[in-house]
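Derivation of every value follows stated rules applied to the coordinates shown; laboratory data play no part. All values derive from a computational prediction rather than experimental measurement. A quick note on method: Cβ atoms are made from the backbone with ideal geometry, for glycine too, and the neighbour counts reach across all protein chains shown.
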Amino acid sequence: MKSTAKLAVYALLKLSFLAACLLLFSSFQPFKRLWHPSDLKPFTEWFQINWQGQVVGWAQKELRIENDFYQVLESEHFEGRVRGKRLKFIYQKQLNFSTKPPFQLIEGSASLIEPNLVMETSFSNDEQLLIQQDRNDNVSKFTESPLDYTLNDYLAWRQFIEGSPELGSSVIIKELDSHSLEVQQKKYHVTKLPQGRHQRYQLVDPDGALYDFNLKGHLLSERRGRGIKLVANKQKPSFNPEMQTDLYTNVGLASQKPLGQISKLESLEISVSKDNLKWLTIHPSVKVSENTLVIRKGARHKATPNESTNWHFDPVSPSIKSLDVPLTPAKSRTDKVNDLVTFVHDYLYYEPTPTSFTTDEIIRNGYGDCTEYTQLLLALLNAEKIPAREVDGYIYLGDDEQRFGGHAWVEVLIDDQWIGVDPTWNLTQVTAAHLPITIPQEKSVSDLDFVVEQIHYQ
């Protein structure tokens, strides 16, 4: 999430494309058979990437049958304009599987090219998993336990769909991130069956993304969050970023009224439709009265007993320990939080970055947007044993923009109360222009009936 409208676009791309384009699917559910080599045919599949109704890129999936291995190739290319500036994202991966049952993954590679980030990952998977990663010319090598991942896992969707699943049935799916090489499980549900002219199965994942498959298990479309959709194409799609509507115009929540000076806002009253309330996630600091949201300056809310007594703290990284943070043991928790907010604000300089950086990289780089400011503050609060968590939502961008853009900030636990602070803006209490609501992935800002009804000043 970004703290300006322009940066909201960056955050959207970071979250939607980086997370989604690297997924590989498999079922933990024991299928009745393994794929036989004679069943496997080379294929090339093309997809057009649409965002808010316009073409922004293409994706490809390919299976090659070589003499010594089966090879899977995947790529995504996104390119668009944000306030006249061209942004390009390219993701590629290659996986080689054994030609002998159960067709075990033997080696692979993946690459990401984004603004401010070039990352290459390669690995071999035998008795040990040997990994090498080059991130902006910083090379790391790891040794892990071998991956139990096969070509049958990768093609599990086809096996599941060819089995003619029933409405409401589910399947547990593996997801392999080609860079972290972490495997997770997700449960998918069948929500529609083939009928009439619509000969396709529809499945939904836990995040609300929708997938349409033909009767042979080939992907026809994928509807990701924030208005992004992949549609099967007979050939490589062509598009011209110069002919696009600027992507900035499709991001954020327009305010029908100028809010004036944010620091003088006492509260906002915003109406949404009753239908919106069925799927909109609203932060507990927001008061809801029928279909009206009331956001107050310095809003806070009571923590649960479990949050107050059983908060888990992560190990502190050496880079955090090396920072010279001006804190004294005698200071209260409130004073420490305020000092850390100011420290993070002063330590980083603001620069748009769609890239996901580690805490060590943030400290080394010394720059970032609201995502990096939030991440660094959370790490410092963790080191001080102060419970804290990220809050995602929107913030008013000023009367020149007259809209709310994507933003992230921090909540800290003080005296059994969750209190919002914002290191990006150097605020020890959030304003009434901080709007902590979350739109689910299957929806977009255009689905929200959003009206600023009342503005109250100090």
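Here the Karplus curve 6.51 cos²θ - 1.76 cosθ + 1.60, taken at θ = phi - 60°, turns the phi angles of the range 391-396 into couplings of 10, 10, x, 9, 9, 5 Hz, with x standing for Gly and Pro.
For V451, the residues whose amide H sits under 5 Å from its own are S271, ignoring neighbours fewer than 5 places away on the same chain, with H placed 1.01 Å from N. The slack between K257 and S332, meaning 0.36 nm per residue of separation minus the straight C-alpha distance, is 23.0 nm.
Can you tell me, using C-alpha contacts under 8 Å and at least 6 residues apart, the relative contact order of the range 21-242 as a whole percent?
Numbers: 507 pairs, mean separation 46.5, N = 222.
Rounded, it is 21 percent for the range 21-242.
Sorted into 20 angstrom bins from 0, the C-alpha pair distances of the chain split as 22, 52, 25, 1 percent.
Computed from backbone phi, the HN-Hα couplings of the range 272-286 come to 10, 6, 5, 5, 4, 5, 6, 10, 6, 8, 10, 5, x, 6, 8 Hz, rounded to whole numbers (Karplus: 6.51 cos²θ - 1.76 cosθ + 1.60, θ = phi - 60°; Gly and Pro given as x). Backbone phi angles across the range 125-140, fed through the Karplus curve with coefficients 6.51, -1.76 and 1.60 (θ = phi - 60°), yield HN-Hα couplings of 10, 10, 5, 9, 8, 9, 10, 10, 10, 10, 10, 6, 6, 9, 8, 10 Hz in residue order; Gly and Pro are listed as x.
Against the main long axis of the alpha-carbon atoms of the chain, helix 333-347 sits at an angle near 70°.
So for the chain, taking the charge dipole from beta-carbon charges (+1 Lys/Arg, -1 Asp/Glu), which of P423, T374, F43 sits furthest toward the positive end? Of the options given, the answer is F43.
What does the C-alpha gyration tensor say about the overall shape of the range 21-242? Classify as rounded when a/c is under 1.5, otherwise prolate if a/b is larger than b/c, or oblate. Here the range 21-242 falls in the oblate category. A quarter of the convex hull surface defined by the alpha-carbon atoms of the range 206-309 gives 12.9 nm² as the mean projection.
Between N240 and N310, the C-beta separation translates, for a Förster distance of 45 Å, into a calculated FRET efficiency of about 0.25.
Here the contact order of the range 98-226, divided by its residue count and restricted to Cα pairs under 8 Å and six or more residues apart, works out to 15 percent.
Exceeding 21 Å between C-alpha atoms, which entries from my cross-link table qualify? They are K88/K443; K93/K192; K187/K234; K229/K443. Numbers along the way, then the final one.
Numbers: K88/K443 24 Å; K93/K192 31 Å; K187/K234 30 Å; K229/K443 12 Å.
K88/K443; K93/K192; K187/K234, as the Cα separations exceed 21 Å there.
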